[in-house]
Amino acid sequence: MPQFDRHIFVCTNQREQGAARPSCSPDGKGTLHALLKDKVKAAKLPGVLRVNKSGCLEQCEHGPTMVVYPEQVWYGFVQPEDLDEIVEEHLRHGRPVERLRLAPECLNTASCAHRATGTETAR
C-alpha cells in the first residue's frame, strides 16, 4: 500500500453527560467522520487520503476537532456544513480554511481562552 498523501483524524470521543470537559461526538455516532469520509470519496481527490476516527485529541474545548497531516493543520468547532469547504479548499487545493484553524497558542495548553471560558472565539 502506498503512503498517504494526507491523513485526516476526526475526533469521535464521547464523554458522559455532565463531564468536566465537552465531547467532540456527544451522541457517540461519529457523524462528522462519516460525512467527511463520504465527501472525500465523492470528491475523487488526487493522491492517497485516509480519513480516520480518532479518540480524544486533547482539544475538547475546541470541539468538534480534526487534524490534517502532514501539514499539521488543526481545525476546531467544525460543523457538517464546514466539510465541503475543507474538502475543496484544503484537501483539493492545499489552502487551509483559516476561519476554522486553531491558533497554535490554543493547542495543548492550559491557558487557552477556550479552556478558561468554554466559549467559541475561533469562528
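Per the listing THR12, THR31, THR65, the residue uniquely farther than 16 Å from ASN108 by Cβ and in contact with a Gly (Cβ under 9 Å, 6 or more places away or on another chain) is THR12.
Scanning the stretch 77-114 for residues being in contact (Cβ under 8 Å) with a residue 40 or more places away in the chain and either among the basic types (Lys, Arg) or more than 19 Å from VAL40 (Cα to Cα) (or both) gives a total of 8. Selection of the stretch 98-123 for residues being at pLDDT 70 or above, not in a loop (DSSP other than H, G, I, E, B) and not hydrophobic (A, V, I, L, M, F, W, C) yields ARG101, PRO104, GLU105.
Are any of the residues in the stretch 43-51 under 11 Å from the mean Cα position of the chain (by Cα) and farther than 25 Å from CYS112 by Cβ? Yes; the residues of the stretch 43-51 include at least one that is under 11 Å from the mean Cα position of the chain (by Cα) and farther than 25 Å from CYS112 by Cβ.
Annotation note: Cβ proximity below 6 Å between a residue of the stretch 1-27 that is under 14 Å from LYS53 (Cβ atoms) and of a type in the set (Val, Ile, Thr) and a residue that is in a loop (DSSP other than H, G, I, E, B) and modelled with pLDDT under 85 (sequence gap 6+ or interchain) occurs for THR12/SER25; THR12/GLY30.
For every residue, the table says whether it meets (1) under 11 Å from the mean Cα position of the chain (by Cα); (2) acidic (Asp, Glu).
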{"site": "PRO26", "(1), (2)": "no, no"}
{"site": "GLY30", "(1), (2)": "no, no"}
{"site": "SER54", "(1), (2)": "yes, no"}
{"site": "GLU58", "(1), (2)": "no, yes"}
{"site": "GLU61", "(1), (2)": "no, yes"}
{"site": "THR65", "(1), (2)": "yes, no"}
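Can you tell me which residues in the stretch 1-30 are of a type in the set (Ser, Thr, Tyr) and out of contact with any Ser or Thr (no Cβ under 8 Å at 6 or more places or on another chain)?
Across the stretch 1-30, the qualifying residue is only SER23.
Of all residues in the stretch 66-80, those being in contact with a Ser or Thr (Cβ under 7 Å, 6 or more places away or on another chain) and closer than 11 Å to HIS7 by Cβ number 0.
Filter the stretch 35-51 down to the residues that are more than 14 Å from HIS90 (Cβ to Cβ) and touching a Lys or Arg at 6+ places or on another chain (Cβ under 9 Å) and list them by number.
In the first step, residues of the stretch 35-51 are kept if they are more than 14 Å from HIS90 (Cβ to Cβ); the result is 35, 37-38, 41-42, 44, 48, 50.
Hits for the stretch 35-51 are VAL48, ARG50.
Of all the residues in the stretch 52-77, those that are closer than 13 Å to THR31 by Cα and touching a Leu at 6+ places or on another chain (Cβ under 6 Å) number 2.
The values are calculated or read from the model by the stated rules, or taken from the named source; none is laboratory data. Note that the structure is predicted; figures quoted are calculated from it, not measured. All Cβ positions, glycine included, derive from the backbone under ideal geometry; neighbour counts span all protein chains shown.
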